[in-house]
Amino acid sequence: MAQSILFLAHESEAGSTLPKAAYEVLGAALKLKEQAGARLTIGLIGANMDAAAETIAACGAERILAVAGPDFATARYASDAAAAEAICRAAGADLILAPATSRFMRILAGVAHRLGGCVDTHVTALDVVNGEVCATRWYYRQRIEGVIRREGRPWMVLLESGGSAPWAGATVKATIEEIAVTPPESARRTVVTGVRAPQSDAQTIRPDASLLFVAGAGWTKKQADGKPHVDEAEALILDFLRLSGASLGGSKSLVDQSGESQAVLRFMTHLNQIGQTGATPRHPKGLSTCCHGEEPHVVGWRFINERRAVNLDPNCGWARGKADVLYVGDAFAVMAKLNALLLEKSQSERSQPSVETAAQLA
């Protein structure tokens, strides 16, 4: 049984606050604290953690530790690992919970080694069973659910987002215990000189979107006239993403076409793939088009709350019990009509429609 829990977080890229995933992990930590009767300590890493600490100070943690300064403003293995190690040693916790962000995924295995502990990643839930803390995660492309127990301490657990409700409370004055960490000159060799990011209308992967739009290989196949219409498919999909703010996913059969010398959607990459070795998104709603419901694709949609599909074949694998709602029709015609409705609504409101509106229309 865990006697003390450390919730570890870093500031968001925007600064002054924590990533959304961090508030979810804090909610899980507080639930586990009540179940185990443990003490809770908070550890923060960033340039200046005063404002971020105030957003979580009301959660009831005994201590708030922080390593702050210009050296910790951006992700860097050497400085981040030194900061996390210092916080963990100061807290003396036997269970350390952190969000599975790219910044922490890079360093916490190394920190666990320095502390002589153990680490588990991609954990989706925590619970206390028969007096023991248990971590749940998925294996074999999200087909097998496993439950993990560890005797080694400290035990570091990185939790995936979407598995817990985020903690929310009043913003209050925080009492922070700052830990002085001065990285050696050798730890400052990596420097962030700038950030390159696509324009918002070019970004197709939006983890916080309320709707996930998934395109299947049918978009690039021959249509009713015996010819493929890839350019039209690209225009319809991009228009929908722009009007709705949805996130774009792709079935494995579609993204694999780029390596098979077949017609492809130029904006679709393996980063958009869901199912098999792809991502398992957790959007509230999903709309699948031109997909045949193959098992890898279905597995990728396991955590979508409401799943709808558009397919000409009512007996396709997706239609037979895998979608909550099936629209039997030509995806080209359906998406053209949907885009027209979204455009009409946006014009009537004189603004872009919300993602929730698009999800309702879908």
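For this structure, a couple of remarks:
- Residues in region 17-56 that a label on Arg149 would reach, taking backbone N under 20 Å of a point 7 Å out along Cα→Cβ: 32-38
- Fully extending the segment from Asp256 to Glu349, taken as 0.36 nm per residue of separation minus the present Cα-Cα distance, adds 29.5 nm.
- With neighbour counts taken as other beta-carbon atoms within 10 Å, the residues Ser210, Ser288 rank, fewest first, as Ser210, Ser288.
- Each peptide in 97-108, 332-343 gets a packing score, the mean of other Cβ atoms within 10 Å over its residues, and the list from highest to lowest is 97-108, 332-343.
- Spin-label model distance (nm) - Ala235 vs Asp50, 7 Å beyond Cα toward Cβ: 5.5
- For the peptides 218-229, 61-72, 181-192, the ranking by packing is 61-72, 218-229, 181-192, with the highest mean count of neighbouring Cβ atoms within 10 Å listed first.
- Summing charges over all other residues whose Cβ lies under 14 Å from the Cβ of Ala47, with Lys and Arg as +1 and Asp and Glu as -1, gives -4.
- Under 19 Å from the His122 label point (7 Å along Cα→beta-carbon), backbone N, region 153-179: 156-164
Just so you know, all these numbers are worked out from the coordinates, no wet-lab data involved. A quick note: this is a predicted structure, and the numbers were derived from the prediction, not measured. Note: ideal-geometry Cβ built from the backbone for every residue, glycine included; neighbour counts use all protein chains shown.
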